[in-house]
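Engineer: Have a look at this one before I ask anything.
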C-alpha cells in the first residue's frame, strides 16, 4: 500500500486559506464575475443564443463566490497580490462545471458543460470593465 506524506500541516492550510481571502480584487473584476455567472442563465436578457439553446439551469450565486476565491488563489500561485480577468477565466471550469444543468438538446447535440463555459468566456467582453478598472 502506498504511503502518503503530508506536504502541509493543518495550521499551515488554515493560514493559506486566510491569506487567499485577504487578496484584494477590483470592482471591475467582481463585475466580470457577476456577468460570467449571469451569463450561464438562459433567461437573462444578455444570454447568448448558445446558452439559451443548451442550458436549462444556470449557476447560483455560490458560483461567484467560488470564482472569486479560486481567482484569488490563482493570483497568489502566480506571485501576484491582485486578481485579474485571466485568473477568473482560469477558474471558470472548476467553479462552474458542476453548477450548470444542461438541457436534453445539449445531450442530443453532444454539447458538454465545458463547451458552454468556453463559449461564455469567449463571448464575454472585458474591455469596458478593464477601462473602468484603470480609471479607479
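Engineer: Can you give me the relative contact order of the chain as a percent, contacts being Cα pairs under 8 Å and 6 or more apart?
Structural biologist: Numbers: 164 pairs, mean separation 38.7, N = 136.
Relative contact order of the chain: 28 percent.
Engineer: Please rank 1, 122, fewest neighbouring Cβ atoms within 10 Å first, as an exposure proxy. Please list the in-between numbers first.
Structural biologist: Numbers: 1 3, 122 10.
Ascending Cβ contact count within 10 Å gives the list 1, 122.
Engineer: Can you give me the Cα centroid spacing of region 1-40 and region 107-122 in angstrom?
Structural biologist: That distance is 25 Å.
Engineer: If the chain between residue 5 and residue 46 were fully stretched, how many nm would it gain, using 0.36 nm times the residue separation less the Cα-Cα distance? Each step should come with its number before you reach the end.
Structural biologist: Values: separation 41, 0.36 × 41 = 14.76 nm, distance 4.86 nm.
The residue 5-residue 46 span can extend by a further 9.9 nm.
Engineer: Once the Cα atoms of helix 113-123 and of the chain are each reduced to a long axis, what angle between those two axes, in degrees from 0 to 90 to the nearest 10, is obtained?
Structural biologist: With both axes taken from Cα atoms, the answer is about 80 degrees.
Engineer: Next question. So how do 5, 126, 40 line up by other beta-carbon neighbours within 10 Å, fewest first?
Structural biologist: Details: 5 5, 126 18, 40 24.
Arranged by neighbour count, lowest to highest, 5, 126, 40 become 5, 126, 40.
Engineer: Between rounded, prolate and oblate, where does the chain land on the alpha carbon gyration tensor, with a ≥ b ≥ c its root eigenvalues, rounded for a/c under 1.5, else prolate if a/b exceeds b/c?
Structural biologist: Details: a/c = 2.68, a/b = 1.32, b/c = 2.03.
It is oblate, given that a/c is not under 1.5 and a/b is not larger than b/c.
Engineer: A follow-up question, please. Going by how many other beta carbons lie within 10 Å of each one, how would you line up 87, 43, 31, fewest first? Could the numbers behind the result be given before it?
Structural biologist: Working: 87 24, 43 10, 31 15.
Fewest to most other Cβ atoms nearby, the residues stand as 43, 31, 87.
Engineer: Sticking with this structure for a sec: Rounded to the nearest 500, what is the 222 nm mean residue ellipticity of the chain from helices alone, with -39500 (n - 2.57) per DSSP H run of 4+ residues and division by all residues? If you can, show how the numbers build up before the last one.
Structural biologist: Details: 8 runs with 86 residues, N = 136.
Helix-only estimate at 222 nm: -19000 deg cm²/dmol.
Throughout, read-outs are computed from the coordinates displayed, never taken from laboratory work. This is a predicted model, so every value here is computed, not measured. All Cβ positions, even for glycine, are placed from backbone atoms using ideal geometry, and neighbour counts span all protein chains on display.
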